[in-house]
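Asker: Got a structure here, written out as structure tokens. Questions coming.
The values are calculated or read from the model by the stated rules, or taken from the named source; none is laboratory data. As the structure is a computational prediction, the values presented were derived from the model and not from experiment. Neighbour counts run over all protein chains shown; Cβ positions are idealised from the backbone, glycine included.
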Amino acid sequence: MTILCLSGGIIYFLPFLGEVYYLPLQNALGLSKTQLGFLESVFGTTSLIFCFPGGWLADRVSPRKLISCSCISTGIAGFYFATFPSYGIALAIHAFWGVTITLTFWSAMIKATRSWAPASRQGRAFGILEGGRGAAEAVTSSMMLAVFAMLGSGKVALAWIIVLFSIMDILVGVLTWFVLEDSTRTSARERDRIRLPDVIKVLKMPVVWLISIVILSSYSAYWGLDFYTPYATEVFGMTVVFGGAIAVAKMWLKPLPAAAAGFLADRVGVSRTVAWSFVILIVSFAISAATPGNPNLIFMMLLNFAVASLAVFASRGVYFALLEEGNVPLVLTGTAVGTISVIGYTPDIFMPVLGGALLDRYPGAPGYRYVFLFMTGMCALGLLAALIIMRQSVRQQRKTDEFA
């Protein structure tokens with residue numbers, strides 16, 4: 001689990017570099033906000049294409065091999081990106097990261113986590129994973145932001161940050177190869193028996209598509225948090241380093257709510273925990289949309305940002321535990337995750353472009369207001385899906401009790 005937390009926390013720094021270094025990255029590459037959004041959109045598109053193949057691969061190949069190869073290849077590409085290549089090359093690198101991180105990493109990590117814990121402890125298993133990833137992100141980001149500031153917060157400083165992230169990816173990949181075990185709750189014989197009818201069975205399960213909507217909404221909200229960094233600098237007049245500090249502070253908020261939500265979900269239900277997270281997010285993003293861009297209200301903005309972050313990380317910490325609550329077969333976890341991710345992680349495609357386009361078209365506070373209003377609507381959609389899953393879970397439990 002420690003290896004899963006480390007790899008899962010570090011590998012995403014390179015494709016999502018703009019989360020902390022939005023304006024410095026834009027300046028270093030000489031791009032508009034829309035172009036910068038397209039970099040992450042290309043990563044998201046490539047990821048979407050390889051979600052389902054990656055899920056199938058995770059059901060057939062050892063997570064140790066997949067995760068190790070993914071981390072090492074991602075880090076190698078990072079060295080080239082540190083030279084700040086042309087826009088076309090930067091797009092190609094982000095597409096490559098979409099392959100290395102999605103095809104060989106994501107579903108393998110989820111499959112390994114579900115196999116690590118018994119059925120009655122799925123909430124805390126995924127809570128520990130998300131919390132551990134958050135701790136790895138927070139510690140690493142804090143150190144890197146300090147290095148970035150000491151090196152002058154310019155183009156050279158950002159290049160060194162990218163190089164250091166790349167080295168860390170490679171080291172974690174090597175460590176994964178020697179430490180992570182191949183054994184899981186599913187045997188090699190069970191994996192070999194996976195056939196097309198089993199895959200179709202998963203695709204026909206309504207809960208798989210409902211989980212997809214939950215993750216789509218929650219992940220959109222996660223993207224919404226990224227816009228608070230430029231929001232603080234462009235609307236509230238804060239410095240670039242202060243904006244980066246907000247992103248790092250968000251990562252420090254991640255471990256506790258993710259882990260706590262995991263333990264809570266095992267007691268009151270995963271779908272119920274997710275639903276309450278969406279209620280908080282709806283209120284929080286609505287407040288952000290209504291808050292004027294007044295520097296005197298910076299404390300209010302930061303407080304609301306903290307509340308939204310806690311709710312996002314709580315939902316992210318447990319939403320894959322819905323697989324167990326929805327009775328998705330363990331042996332087909334990778335296939336289910338791949339299917340769910342095709343829909344659930346489409347915000348990687350449309351959120352950076354949509355956000356960048358809104359900010360370019362409506363400069364200043366109006367653009368951010370539209371972004372937060374969109375987030376409010378997405379969270380309402382997620383709440384509806386979570387409530388449907390909760391109702392189905394209650395009905396299934398009643399049938400089980402009656403049969404017993």
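Asker: Quick check, is residue 221 among the hydrophobic types (A, V, I, L, M, F, W, C), touching a Cys at 6+ places or on another chain (Cβ under 7 Å) and modelled with pLDDT of 80 or more?
Answerer: yes
Rundown of residues vs (1) modelled with pLDDT under 80; (2) of a type in the set (Phe, Trp, Tyr), yes/no style:
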| site | (1), (2) |
| --- | --- |
| 245 | yes, no |
| 262 | no, no |
| 272 | no, no |
| 297 | yes, no |
| 319 | no, yes |
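Asker: Could I ask something else about it? Can you confirm whether segment 247-265 contains a residue that is part of a helix (DSSP H, G or I), free of Cβ contacts under 8 Å to residues at least 60 places away in the same chain and either of a type in the set (D, E, K, R) or closer than 23 Å to residue 374 by Cα (or both)?
Answerer: Looking for residues that are part of a helix (DSSP H, G or I), free of Cβ contacts under 8 Å to residues at least 60 places away in the same chain and either of a type in the set (D, E, K, R) or closer than 23 Å to residue 374 by Cα (or both), one finds at least one in segment 247-265, hence yes.
Asker: Hey, among 88, 132, 154, which residue is buried (at least 17 other Cβ atoms within 10 Å of the Cβ) and not hydroxyl-bearing (Ser, Thr, Tyr)?
Answerer: None of the others qualify; the one that does is 132.
Yes/no per residue for (1) crowded, with 18+ Cβ neighbours inside 10 Å; (2) under 23 Å from residue 21 (Cβ atoms); (3) acidic (Asp, Glu):
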| position | (1), (2), (3) |
| --- | --- |
| 60 | no, no, no |
| 77 | yes, yes, no |
| 80 | no, yes, no |
| 94 | yes, yes, no |
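Asker: Follow-up. Among the numbered criteria (1) in contact with a Leu (Cβ under 6 Å, 6 or more places away or on another chain); (2) free of Cβ contacts under 8 Å to residues at least 60 places away in the same chain, which single criterion is violated by residue 314?
Answerer: In the conditions (1) in contact with a Leu (Cβ under 6 Å, 6 or more places away or on another chain); (2) free of Cβ contacts under 8 Å to residues at least 60 places away in the same chain, residue 314 misses (1) alone.
Asker: Quick one: which helices (runs of 4 or more DSSP H) sit completely within segment 75-189 and have at least 1 residues that are within 30 Å of residue 32 (Cα to Cα), among the aromatic types (Phe, Trp, Tyr) and more than 19 Å from the chain's Cα centre (by Cα)?
Answerer: Here the list reads 87-101, 122-150, 155-179.
Asker: What is the residue count in segment 336-378 for residues that are closer than 30 Å to residue 60 by Cβ, in a helix (DSSP H, G or I) and not charged (D, E, K, R)?
Answerer: Number of matching residues: 11.
Asker: Of 141, 107, which residue is touching a helix residue (DSSP H, G or I) at 6+ places or on another chain (Cβ under 7 Å), under 19 Å from residue 344 (Cα atoms) and among the small types (Gly, Ala, Ser)?
Answerer: 107
Asker: Another question, if that's okay. Can you find, within segment 116-129, the residue that is surrounded by the fewest Cβ atoms within 10 Å (Cβ to Cβ) among those that are under 12 Å from residue 330 (Cβ atoms) and in contact with a helix residue (DSSP H, G or I) (Cβ under 7 Å, 6 or more places away or on another chain)?
Answerer: Ranking the candidates gives 119 first.
Asker: Continuing with this model, one more query. Quick one: in segment 190-214, which of the residues that are outside any helix (DSSP H, G or I) and among the aliphatic types (A, V, I, L, M) is modelled with the lowest pLDDT?
Answerer: 194
Asker: Does residue 48 meet the test of being among the aliphatic types (A, V, I, L, M) and either within 16 Å of the chain's Cα centre (by Cα) or surrounded by fewer than 23 Cβ atoms within 10 Å (Cβ to Cβ) (or both)?
Answerer: Yes; evaluated as a whole, the condition is true for this residue.
Asker: Can you say whether residue 237 is small (Gly, Ala, Ser), surrounded by fewer than 17 Cβ atoms within 10 Å (Cβ to Cβ) and either in contact (Cβ under 8 Å) with a residue 24 or more places away in the chain or within 19 Å of residue 22 (Cβ to Cβ) (or both), as far as the supplied structure shows?
Answerer: It is true that residue 237 is small (Gly, Ala, Ser), surrounded by fewer than 17 Cβ atoms within 10 Å (Cβ to Cβ) and either in contact (Cβ under 8 Å) with a residue 24 or more places away in the chain or within 19 Å of residue 22 (Cβ to Cβ) (or both).
Asker: For residue 352, only one of the following conditions fails: (1) modelled with pLDDT of 85 or more; (2) buried (at least 24 other Cβ atoms within 10 Å of the Cβ). What is its number?
Answerer: All conditions pass for residue 352, except number (1).
Asker: Quick check: anything in segment 293-304 small (Gly, Ala, Ser), out of contact with any Gly (no Cβ under 6 Å at 6 or more places or on another chain) and under 22 Å from residue 214 (Cα atoms)?
Answerer: Within segment 293-304, none of the residues are small (Gly, Ala, Ser), out of contact with any Gly (no Cβ under 6 Å at 6 or more places or on another chain) and under 22 Å from residue 214 (Cα atoms).
Asker: Same structure, new question: Suppose we keep only residues that are farther than 23 Å from residue 373 by Cβ and among the charged types (D, E, K, R) within segment 293-337. Which one would you say is surrounded by the most Cβ atoms within 10 Å (Cβ to Cβ)?
Answerer: Within segment 293-337, the match that is surrounded by the most Cβ atoms within 10 Å (Cβ to Cβ) is 325.
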